[in-house]
Amino acid sequence: MIDAPETDEGWFALHDFRTVDWDAWRDAPERDRETAIEDAAAFQKHREALARSDAGDSAVFSVTGSKADLLFVHFRETLDELDRIQRSFEQTEFAAYTERAHSYVSVSEVSGYVSDEYFTNPEEVDDGLKNYIEGKLTPEIPDDTYVSFYPMSKRRQPGQNWYDLDFEERADLMAGHGDVGREYAGKIKQVIASSVGLDDWEWGVTLFGDDPTDIKDIVYEMRFDEASSKYGEFGDFYVGRRFPPADFDAFLAG
Amino acid sequence: MIDAPETDEGWFALHDFRTVDWDAWRDAPERDRETAIEDAAAFQKHREALARSDAGDSAVFSVTGSKADLLFVHFRETLDELDRIQRSFEQTEFAAYTERAHSYVSVSEVSGYVSDEYFTNPEEVDDGLKNYIEGKLTPEIPDDTYVSFYPMSKRRQPGQNWYDLDFEERADLMAGHGDVGREYAGKIKQVIASSVGLDDWEWGVTLFGDDPTDIKDIVYEMRFDEASSKYGEFGDFYVGRRFPPADFDAFLAG
Amino acid sequence: MIDAPETDEGWFALHDFRTVDWDAWRDAPERDRETAIEDAAAFQKHREALARSDAGDSAVFSVTGSKADLLFVHFRETLDELDRIQRSFEQTEFAAYTERAHSYVSVSEVSGYVSDEYFTNPEEVDDGLKNYIEGKLTPEIPDDTYVSFYPMSKRRQPGQNWYDLDFEERADLMAGHGDVGREYAGKIKQVIASSVGLDDWEWGVTLFGDDPTDIKDIVYEMRFDEASSKYGEFGDFYVGRRFPPADFDAFLAG
Amino acid sequence: MIDAPETDEGWFALHDFRTVDWDAWRDAPERDRETAIEDAAAFQKHREALARSDAGDSAVFSVTGSKADLLFVHFRETLDELDRIQRSFEQTEFAAYTERAHSYVSVSEVSGYVSDEYFTNPEEVDDGLKNYIEGKLTPEIPDDTYVSFYPMSKRRQPGQNWYDLDFEERADLMAGHGDVGREYAGKIKQVIASSVGLDDWEWGVTLFGDDPTDIKDIVYEMRFDEASSKYGEFGDFYVGRRFPPADFDAFLAG
Amino acid sequence: MIDAPETDEGWFALHDFRTVDWDAWRDAPERDRETAIEDAAAFQKHREALARSDAGDSAVFSVTGSKADLLFVHFRETLDELDRIQRSFEQTEFAAYTERAHSYVSVSEVSGYVSDEYFTNPEEVDDGLKNYIEGKLTPEIPDDTYVSFYPMSKRRQPGQNWYDLDFEERADLMAGHGDVGREYAGKIKQVIASSVGLDDWEWGVTLFGDDPTDIKDIVYEMRFDEASSKYGEFGDFYVGRRFPPADFDAFLAG
């Protein structure tokens, strides 16, 4: 019997991708567009302000490429809050100019690969690790300009079956994976959230950085890592640029 | 010749996923929206009330993420009833504000893996098992807040061919699978329904629980189980939150 | 060199899946709906009547689930007739309330697996076999209530390459497959039609039965058969319930 | 180092699949429909007439099944001409009643598998072969009633990697493939055009014949051929029936 | 531990595919069409002019086949510029007649496979190589008439895992790949840009040439190269013909 790692869960995450209906936008009277912009800005400002009060976090990004125009990222303590955020967006005047392009539901997670001790002797865990884990479970969205989101699963093919490896092998592979991540400390922050049972892939990965070539570099370097090269299966990638809610008008003005 | 397990069938299941056409909803006059809400509530109340009378069960869930907004789950004695439910929904005023996003048709099932005796010596089966099996075949929808639905099939690749294993091996693997399920007794209830010949995957799985992290945990833990890790192929996952028919207005108000 | 089996072809088949545009239907004036219903009933009555005169057969089914609402099945002597049926449907008033959801084009077929003799010494074939083969090539649609349609192909992967087996092996596997089918004699009737070169999969399978759990059972049992477990690849499944053309109004009334 | 075969290229091919917007068609005033029919007929008559003057060929087919209603096939000396044909169709009144369903871009090709000599000692090639190759490179569309189109690629999996075979092996397999084709001489004509670098698969295959069961038979028989059974990967299949431009009205009348 | 190659990055690339809404175009008043054409031409002229000033490059192509009508290619120093270009296009009058069909985001790249020295002893690199690499990182769009775009990834299957090869093996395979490319010097120019972490495949390849059969030939020949035959996975292919911004009217007139 192969053992699943122990896990602890933190905030739930909603990645909400929207396209702008540019035809409707161009055709809208100036006054309606102003109301819509104000509404969008107020909605998002409110979400980001609430978020700062330790109960989650929110940010909005302009997405490059035609798969979406906007990515709203929300972390919250409960799935219910995400459900309400998603529907309350539909009540804004701005929603009329958008269509849902994609979404992703997940929950931030730490597992026994990171620290066995955290699960077996929680009292003995030092403050550094505690803070590290706390940061993983209640992930603040950093101020970095760029974001990359993609979902991933571990393979279960003959000869490449992650779920057939024993715990030690998986822990070793995860440690190697973590080593690559540490090379990018200060350049790339990442949020890993589990979507097993919640969405179509097993994890959602969100990377933040101030230089998009760092995003390219870390994903490329990790692809040579056995945890990815043999066992990783990746979904679609979305790249975006953060903007403050006050800049919805600039975003929509092109 | 490999033997198929014996099976017994109970209620048929329809999982009916709908998106809300929020643009139409926002544009509708207040009066039309009120009628639509009343109609939706009455439709679903009626389905749930009828259902409680031992002839099936029904529930509605708010779906998180953009794949759908609503999931209607209906269990009924016959496929015809499900067919009628699906079309009678289209006669409601509320239907005008929804679009069909997805659906799943299946029939609840117990098989020889659970109890060979039930099929070979039905009179000798004890009451506990009889009740257990009855519960599997006429599955009441529990009051738990959250739902997760996903379809699955067993693999038939070289080296991972479920249908090429002999009965004993499959029964052992299913027993191991059941052991994981029992760890979640009291936390997670599941309905397994066969869709072989009825829909695109071989089974539809519906999980109910009061904590969505339990849903994540049980699916994750089971993935390490050989029945899943080697032989399971999974479709898209949908997660939702139950609400009573009386709350359609709250749901639609965001 | 591997030999293809000899084949003989009979009627061509069109499976025409349609969704109802329920929004348009609800919004249509009562008079227009009446005309549309009459038109649909007349169209299908005419197709079924013509069909009974030994030149084919036709039936219409209500499909459960959101992939389609209606399945029209037409068997005809020529592909041209199917082409005309498909376009003449578009001339009905009812067509305005439907959209094409899916279709399948195939031709009923018997092959050397069923009877080598039929192809090598046709005069020596006994009447029983002749009638059996005639029934396969000019398949009347039985009166059974339920239908299941799915397309399938044979695999050509390393270790699971149907087209790499010699004729005897394939004939043996087909015979085993036929044995399972015979267990369901009286319960399930099936029409197997080739779509090689005509549509996206190699065959279309149509099952008819009065109990949908029999449909589930036969497909499930056959999946353990080596012809399916090792060599079968299946597409999407559609399940429906037959109704007479006179019941279009009942169908549309929910 | 594995050698690619030498190739020579002839006419470019555009397969342009369209669906008819039957709702718009039914709603159009009689006069508009007449103009549209005239326009469609004139457009296609012009294309077919020009084509007969040795600079290409064109034909239109009614497609059976819901994937498309019409298939326009155009062979021309340059890719530019195809690009212009595609856009000039959009200038017709008829285009308003159609939507693009699919397309395929390719270039007719002969390769060293057919004749090594043609590439190494072109002067020594006899007239019969020259004519044969000329026919492959400037393929006239025959008058046969039925057409089948499908794209294909060669596999590159371990154990089934066409591109890893040496030239002789590939030439042998292609010769065996050609033998099957020759059995259908007089019944089936085929045009093979390369789409490597031009469209999503490696080749587009167009079969013409007066009996659609011959189309089924040749594709089925070839599937047992090692070049297909081990190395062939096939896309979607479209089947159609040719009609002269003057019959657009009959086509549209159902 | 397998080493990723070192890389250097240059300009970012946006491939922006659009379809023309021909129905809207046909229905638009002459005056609106003129404004739209002028706007499209001005937009693109401006992008191409700016581009010539060493800060990037831009071009527009007519796409053959129904996957798109137009391909806009933009290379720029920053991802932000591409994001703005994409949105400012939506502000043109012409945008109202287009829909987004597809897009691709990538960044031009040179890697240690091309020159280890460039990364280890940059001062010792001779001017020829420096210019070559500079050309790769700041790729001017050549004046060639035809373009072909496709995305690709390297495989990670058992027996065909690029990321499991050591650096020398990969460098050798890339060198063989480069040899094929050099045969087409003067005929085909190519831009290879990485999309790891940015878009759905690992690289985007853009080929330019004056003869579309050269495009077919180079891709076909490279497919026999082990780097492609064993390790390459390819996405959809788009082929187009360049036109100057002043010819938008000719393009739209068919």
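The values are calculated or read from the model by the stated rules, or taken from the named source; none is laboratory data. Note that this is a predicted model, so its numbers are computed, not measured. Cβ sites come from the backbone with ideal geometry, for glycine too, and all protein chains shown count toward neighbours.
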Filter the stretch D:90-99 down to residues that are more than 7 Å from chain E (Cβ to nearest Cβ) and out of contact with any helix residue (DSSP H, G or I) (no Cβ under 7 Å at 6 or more places or on another chain) and give me whichever is nearest to D:D247 (Cα to Cα). D:T98
Selection from the stretch B:116-144 of residues in a loop (DSSP other than H, G, I, E, B), out of contact with any strand residue (DSSP E or B) (no Cβ under 8 Å at 6 or more places or on another chain) and of a type in the set (S, T, N, Q) yields B:N121
Could you name every one of the helices (runs of 4 or more DSSP H) located completely within the stretch D:1-89 that has at least 2 residues being away from chain C (no Cβ under 14 Å) and free of Cβ contacts under 8 Å to residues at least 60 places away in the same chain? D:30-50, D:79-89
Under the condition of being within 24 Å of C:F251 (Cα to Cα) and of a type in the set (D, E), which residue from the stretch B:59-84 is nearest to the chain's Cα centre (by Cα)? B:E77
Report whether or not D:T138 is polar (S, T, N, Q), under 18 Å from the mean Cα position of the chain (by Cα) and surrounded by fewer than 19 Cβ atoms within 10 Å (Cβ to Cβ). yes
Which one of D:D16, D:D57, D:D80 is crowded, with 20+ Cβ neighbours inside 10 Å and closer than 23 Å to E:L70 by Cβ? D:D16
The lone condition C:G65 fails out of (1) under 22 Å from B:G197 (Cβ atoms); (2) at pLDDT below 95; (3) of a type in the set (G, A, S) is (2)
Expected output for the stretch C:165-180 (first residue touching a residue at least 40 places away in the same chain (Cβ under 8 Å), partner among the aromatic types (F, W, Y) and in a helix (DSSP H, G or I), Cβ below 8 Å, 6+ apart or cross-chain) is C:R170/C:W162
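Quick grid of which residues meet (1) within 14 Å of chain E (Cβ to nearest Cβ); (2) in contact with an Asp or Glu (Cβ under 8 Å, 6 or more places away or on another chain):
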| residue | (1), (2) |
| --- | --- |
| D:K130 | no, no |
| D:L137 | yes, yes |
| D:V147 | no, no |
| D:Q157 | yes, no |
| D:Y163 | yes, no |
| D:R170 | yes, no |
| D:K187 | no, yes |
| D:V191 | no, no |
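So that you can scan it fast, the table gives a plain yes or no per residue for (1) more than 10 Å from every other protein chain (Cβ to nearest Cβ); (2) over 26 Å from A:A175 (Cβ atoms):
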residue: A:G204; (1), (2): yes, no
residue: A:L207; (1), (2): no, no
residue: A:D214; (1), (2): no, no
residue: A:D217; (1), (2): no, no
residue: A:E221; (1), (2): no, no
residue: A:D225; (1), (2): no, no
residue: A:G232; (1), (2): no, no
residue: A:P244; (1), (2): yes, yes
residue: A:D249; (1), (2): yes, yes
Quick check: is even one residue across the stretch D:107-122 within 14 Å of chain E (Cβ to nearest Cβ), surrounded by fewer than 21 Cβ atoms within 10 Å (Cβ to Cβ) and aliphatic (A, V, I, L, M)? no
Contact list please: Cβ distance under 6 Å, first residue in the stretch B:228-254 and closer than 16 Å to A:E81 by Cα, second residue in a helix (DSSP H, G or I) and small (G, A, S), pairs at least six apart or on different chains. B:G254/A:S88
